[in-house]
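Right, one structure below, let's go through it.
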Amino acid sequence: MKKTNNQNRITRVIGILLFLAVLFSSSCGKKEEKKKPADYGPYGADFALELAQKFPYRNAFSSGEQGAGLMIKNELEGMGYQVEAQSFTSADGKTSYNYVVRIPGEGFMQRDSFGAYSEVHKTVVIGAHYDSPVAYSERAGYPKYDGIQNNACGIGALMTIAKEMYGKKYAYDVVLVAFGASSSNYLGAGVFVNQLSSDELKKIECMYCIESIYAGDKLYAHAGISSLQEGKKYSYRRKLYEAYDVAYENSLLSQTGVDLNYNMSLLSFDVNGDHVEDMYREVTQVRSDYVVFDSTAVPIVFFESSDYNFSKLSDMKETKNLELQDYNGAIRGTPLDSSEILTKSLDETRLQTRVNVVAFIAVKAVEKGSKNCVPLSQYNEGVRLEPTVAPKKKESQVSSGGT
């Protein structure tokens, strides 16, 4: 009998130990689970759809544009941001606005070629326009139009970025801008840049521009035309390559089903009008608010969706989708730029996924920081840079690479 009691005690102890082992391994497993990249939920896509459907005809300086702008402003203020409204007028006295959010950064300690460090402040600007090119007076020819592609989807990504960045501290000073009057020769972007001092302009290390990321077959990022200048390719495309690094390092294709593509075209022609043939690669002729920054020597990264997999420039289009060929594969500026039409022809998750992926890439690119720099807080904790790779070697690695 005594032997049986001992055996029972041993059995109970073993059972308890096994239970604790299972419980412990289960809790550890939960801690080790990694959140999927760009898992931001439906917020940005829902905001884009609401903006498009509430204010479908929001051409520059129109009442629709003003309503859309106030919707953005109120949403940002609801998040807790202070929003600066930059007003400007058209030639006939009508008003439009840029809505600007400034997130002060802690700054960097930058190492010079001799290994000495000095404190610097650098800025990144992330922007998208909220107006659309179609006016209410044109509604008869655009009965279902609401500009979800151009550019409510870009605003959805911008708002997602704002939501993710709220309350966080970055080394960069981050400026988020919803541009007005883009369809009027990028007037809002021009006003924003012209109001900067020369010192403020010099501090901008990159401008990220988001437009029409939804309906095109593939998601792309491009550098600016300034990067075609001789000897400027790497310095003007470094932030572009950094965006691709984010996509690669986080396995976005396998995790989200969305890849970030280069324009890998091998076409050669005079892209920038300097009478010299250029390789039409990693740049685009699609214009957006970034052109104002690009023309002032600010490196840019332009996110858009399209399809560059053609052997002729004239054949390139936004989509090969057979249901969307009424305008030869064009969506922007056509009656097909409609949430009603596009949601029937495209995968139902595409808007949310594209919005979230672009937002994720922009946020993570900001977190990567600046070349030869350490965030001030890390420097104060003793972090220093490893020896850098020689510039010539880096240039050759990038020039020969693809995705």
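The values are calculated or read from the model by the stated rules, or taken from the named source; none is laboratory data. Quantities reported herein were computed from a predicted structural model and do not represent experimental measurements. No Cβ is skipped: glycine too gets one built from the backbone with ideal geometry, and neighbour counts run over all protein chains shown.
Listing for the model above:
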| item | result |
| --- | --- |
| Criterion violated by LYS233 - all others in (1) in contact (Cβ under 8 Å) with a residue 60 or more places away in the chain; (2) within 20 Å of the chain's Cα centre (by Cα) satisfied | (2) |
| Positions within region 126-142 being basic (Lys, Arg) and free of Cβ contacts under 8 Å to residues at least 12 places away in the same chain, in sequence order | none |
| Candidate set from region 49-63 (those that are hydrophobic (A, V, I, L, M, F, W, C) and within 13 Å of TYR130 (Cβ to Cβ)); member that is farthest from the chain's Cα centre (by Cα) | PHE61 |
| Region 190-224, subset free of Cβ contacts under 8 Å to residues at least 40 places away in the same chain and assigned to a loop (DSSP other than H, G, I, E, B), residue nearest to ASP146 (Cα to Cα) | LEU196 |
| Candidates GLU205, GLU249, GLU242, filtered to the one that is exposed (fewer than 15 other Cβ atoms within 10 Å of the Cβ) and out of contact with any Asp or Glu (no Cβ under 9 Å at 6 or more places or on another chain) | GLU249 |
| In region 141-179, the residues that are at pLDDT 95 or above, out of contact with any Pro (no Cβ under 6 Å at 6 or more places or on another chain) and in a loop (DSSP other than H, G, I, E, B) | GLY141, PRO143, LYS144, GLY147, TYR166, GLY167, LYS168, TYR170, TYR172 |
| Matching residues, region 42-88, being without any contact (Cβ under 8 Å) to a residue 24 or more places away in the chain and farther than 21 Å from GLY147 by Cα | GLU77, GLY78, GLN82, VAL83, GLU84, ALA85, SER87 |
| Qualifying residues in region 309-323 (those that are acidic (Asp, Glu) and surrounded by fewer than 13 Cβ atoms within 10 Å (Cβ to Cβ)) - the one farthest from ARG281 (Cα to Cα) | GLU323 |
| Per-region count, region 89-132, residues closer than 30 Å to THR334 by Cβ, buried (at least 20 other Cβ atoms within 10 Å of the Cβ) and not charged (D, E, K, R) | 11 |
| Spans of strands (runs of 3 or more DSSP E) in region 52-130 with at least 2 residues among the polar types (S, T, N, Q) and more than 26 Å from TYR142 (Cβ to Cβ) | 84-89 |
| Matching entry among ASP337, ASP347, ASP326 (being buried (at least 24 other Cβ atoms within 10 Å of the Cβ), of a type outside the set (Val, Ile, Thr) and either at pLDDT below 95 or at negative phi (or both)) | ASP337 |
| Residue check for ASP294: among the charged types (D, E, K, R), closer than 30 Å to GLU205 by Cα, in contact (Cβ under 8 Å) with a residue 60 or more places away in the chain and in contact with a strand residue (DSSP E or B) (Cβ under 6 Å, 6 or more places away or on another chain) | yes |
